Structure formats: structure tokens, C-alpha cells
Amino acid sequence: HHELNQKFWLDFSLTTPENHYAYDPEGPGILMSVEDFEDHPRLADGLLTKNWDLLIVDEAHRLHRNPALYNATHRLSAAIPNCLVLSATPILRHASEYLSLLRLMHPHQYDRMSITQFEAMLSVQGELRKRLAYVGRALNDDDFEMDDFEDEIRPVIDLLPEDTVLKTLFQGLNPKAN
């Protein structure tokens, strides 16, 4: 509580059972412990009655252990326009955990994606990462021809039309692609 207020110069209300989850409606937001949220699942219903701009979920990797808590958090993330998911624990080779966190951040994009589709997307991204790393190491300024590169990368971009990051990266490399 004090750490956030000191770092961001904001006066967040700390809502607890002791203060009956009261908060300053004029303030920038509220802080609530996951334990309180877990112990009182109906709090999500109350939070959904307000118009929040941002949901911050700290220690998000712990949510997969508690489906009820994950579902309540997902309901909030679907109703709040912006969601920041924080986790100091990398998710290595656990596509289902990774997908569940992405569903919190972007429910409209990832809720409809099956784990099979997500694993296929990760596979394509991994292959693309390897190829781009090779190209990056192998090329020097004398070897690089943007038109040849575009001929090679365009089919990959066309295979992943929803990958806005890849499109943005390519447009950054090739201003005439805009």
C-alpha cells in the first residue's frame, strides 16, 4: 500500500474487512489483498458495479491454483478495459498457464482460442523467432535487400493476420510498407 503510494504519488484506498471494504470514491483506485478477495468472492460483484479503468493483478501465476479466484478475476478483467498482469515467475513449457494469463489481459482475443490453437501459435512464433535470429546474425548491411526480405517475410505475416506485433515490427523495418 505505502509502496504504491510512494512510487506513483497516488493515494490508493486499502480495503480490508476491518474497514468494511470502504474506499474513497474520488480516489484513484483501491487495493485489496488476494486473500480477502478469495475469502469473500461476492466482492467481485460489488467491484463490477463500478466503472474501473484498470485492473492490476499481482502474483497472477498463483491464480491457476484456485479456479474460483481465477474465474472471479477473469470476470473483472472482461469488464474492465485494461488489465495489467504481474508475475515474477516465468511460465516455461506450460502453455495452459500462459494462455490463462493472456485470457486475463485480453479476454476478447484469447477466450475463444483453444489450447490446441494456442500451442500451434506458440510453435509458429518459436520457429519465426529462430529464423529471424538466424537472419539477424547472418546479415550485414552489404547483404541486406529489403525487397528480398519482404518476399521472404510476407508469407509469414499473411499466415498470422492477427499478429499485430509482427506487422508493427515489419513496418518499423520497412517504412514504405505503411
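The values are calculated or read from the model by the stated rules, or taken from the named source; none is laboratory data. Model, not experiment: these values are computed from the prediction. Here the Cβ positions follow ideal geometry from the backbone for every residue, glycine too, while neighbour counts run over all protein chains shown. Remember, those area values only see protein heavy atoms, side chains included, never the ligands or the DNA or RNA. Shrake-Rupley method; radii C 1.70, N 1.55, O 1.52, S 1.80 Å.
Observations, loosely collected:
- Selection from the stretch 106-138 of residues that are part of a helix (DSSP H, G or I) and open to solvent by 80 Å² or more (accessible area, probe 1.4 Å): H108, T116, Q117, E119, R129, K130, R131, Y134, R137
- Yes/no for R103 being closer than 26 Å to L47 by Cβ, buried (at least 16 other Cβ atoms within 10 Å of the Cβ) and among the basic types (K, R): yes
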